[in-house]
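Written below as structure tokens is the structure these notes are about.
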Amino acid sequence: MSVEAQKRRVLAKCDALQRAGLWPEATRVRPRAWMSNFSGDTEVAIATALLDRFVVFSDRAVNSLLKGAFRNLVEGYRPFAFNRAQNTHTTSTTTSTLYFTRLEGERPNPTDSGNLFCRKARQEIGIPEDRIVEPHVALDLAIAGYPVVLLDDFLGSGQQLLKTWDRAYRRTAPLTFRDAHKANPTTVFYLCLTATAQGLSTVSAIPIKTYHCHEITNKHSISSIGSIPGLPQGHDAQAELTKFLQDHASHLILKPYMKQSTFDSLGFYNLGHTIAFEHSVPDASLPILWAKSNRTNWIPLMERT
């Protein structure tokens with residue numbers, strides 16, 4: 001199949017996904033406009049291969065994933081209620097003792113996705129508003145013996161969860177979730193939509209039980225690309241892909257923390273994913289998919305919001 005024919009096939013697939021409502025509408029994800037950034041058979045062939053692997057979850061799909069992840073938590077957790085008088089835990093058949101809070105980014109920001117998922121927990125799962133608290137309150141509750149759930153959308157590198165575990169939320173000891181657990185084992189869960197194998201491995205070092213609905217494997221990472229249709233015979237697909245990404249990284253506009261090592265071409269912690277959600281794109285996904293550019297006519301496939 002020619003490069004142009006392959007491009008038409010992939011764009012037709014994108015059109016079909018948008019018509020079916022499985023992808024956000026064209027104002028949010030712009031495959032045709034994004035493809036116009038590239039010229040020449042090699043560039044077009046590589047961009048087409050990346051677009052073919054791009055996975056984006058619509059808001060409807062996100063809500064379903066959240067409900068699925070919560071069901072996994074309910075099924076995997078033996079709820080308990082805290083008896084203040086006896087200072088003991090007793091078994092219960094409900095999750096009414098759970099408190100929920102947001103997972104904060106490495107640099108806490110009001111736009112962190114954890115804030116959105118606190119609202120979704122109320123709207124989609126039916127968590128009472130008084131059970132959704134600020135992180136510092138969640139730490140106090142964990143110290144008092146209540147189980148706490150940290151909410152997020154995507155477990156990528158695992159660094160955000162590690163930073164939240166070690167962030168000082170109190171002025172007197174214990175300062176952090178880590179300190180609290182060390183002093184007297186706490187019950188803290190992490191609930192997200194999707195998780196990478198690398199992220200799960202990273203956070204396994206801390207005593208948090210993670211629940212998610214979908215595990216992302218290397219199938220969603222460019223490291224698993226073995227061939228690219230349309231490349232001249234004998235060309236190394238990974239070598240051509242690496243060069244393509246590095247060439248374009250020079251004009252992409254990224255935040256300072258992304259300008260480390262190869263983060264600017266492969267995404268945060270070099271995960272190289274091609275995944276997105278309607279509400280945002282993880283920084284572990286390839287910047288060429290979501291970043292703005294200092295080039296005049298550059299159009300991102302899906303901007304981060």
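The values are calculated or read from the model by the stated rules, or taken from the named source; none is laboratory data. None of these values were measured; they are calculated from a predicted model. Note that we place each Cβ from the backbone using ideal geometry, even for glycine, and neighbour counts take in every protein chain shown. Heads up: the accessible areas ignore ligands, DNA and RNA and are worked out on the full protein's heavy atoms, side chains in. Shrake-Rupley method; radii C 1.70, N 1.55, O 1.52, S 1.80 Å.
Descriptive notes on the structure:
- Qualifying residues in the range 123-138 (those that are touching a Lys or Arg at 6+ places or on another chain (Cβ under 9 Å) and more than 22 Å from Arg167 (Cβ to Cβ)) - the one most open to solvent (accessible area, probe 1.4 Å): Glu129
- Number of positions in the range 290-305 that are within 15 Å of the chain's Cα centre (by Cα) and either open to solvent by 10 Å² or more (accessible area, probe 1.4 Å) or at positive phi (or both): 4
- Count of residues meeting criterion [open to solvent by 20 Å² or more (accessible area, probe 1.4 Å) and in a helix (DSSP H, G or I)] in the range 269-289: 2
- Matching residues in the range 4-29 - criterion: being in contact with a Ser or Thr (Cβ under 7 Å, 6 or more places away or on another chain), assigned to a helix (DSSP H, G or I) and among the aliphatic types (A, V, I, L, M): Val10
- Search result, residues across the range 215-231 that are surrounded by fewer than 17 Cβ atoms within 10 Å (Cβ to Cβ), in a helix (DSSP H, G or I) and not small (Gly, Ala, Ser): Asn218, Lys219
- Looking only at the range 240-268, and only at residues there that are at pLDDT 90 or above, part of a loop (DSSP other than H, G, I, E, B) and open to solvent by 20 Å² or more (accessible area, probe 1.4 Å), the one that is nearest to Leu22 (Cα to Cα): Leu254
- Residue that is more than 24 Å from Ser58 (Cβ to Cβ), without any contact (Cβ under 8 Å) to a residue 12 or more places away in the chain and not basic (Lys, Arg), where the choices are Pro185, Pro207, Pro128, Pro147: Pro128
- Among the candidates Thr274, Thr296, residue that is free of Cβ contacts under 8 Å to residues at least 12 places away in the same chain, closer than 23 Å to Ser39 by Cβ and not aromatic (Phe, Trp, Tyr): Thr296
- Output for the range 139-192, where each listed residue is open to solvent by 10 Å² or more (accessible area, probe 1.4 Å), acidic (Asp, Glu) and touching a helix residue (DSSP H, G or I) at 6+ places or on another chain (Cβ under 8 Å): Asp153, Asp166
- Check on Thr202, polar (S, T, N, Q), more than 23 Å from Ile288 (Cβ to Cβ), in contact (Cβ under 8 Å) with a residue 24 or more places away in the chain and buried (at least 21 other Cβ atoms within 10 Å of the Cβ): no
- Among residues of the range 149-168, those that are among the basic types (Lys, Arg) and modelled with pLDDT of 95 or more, counted: 1
- When residues of the range 48-79 are limited to those that are open to solvent by less than 20 Å² (accessible area, probe 1.4 Å) and in contact with a helix residue (DSSP H, G or I) (Cβ under 6 Å, 6 or more places away or on another chain), the one farthest from Pro232 (Cα to Cα): Leu66
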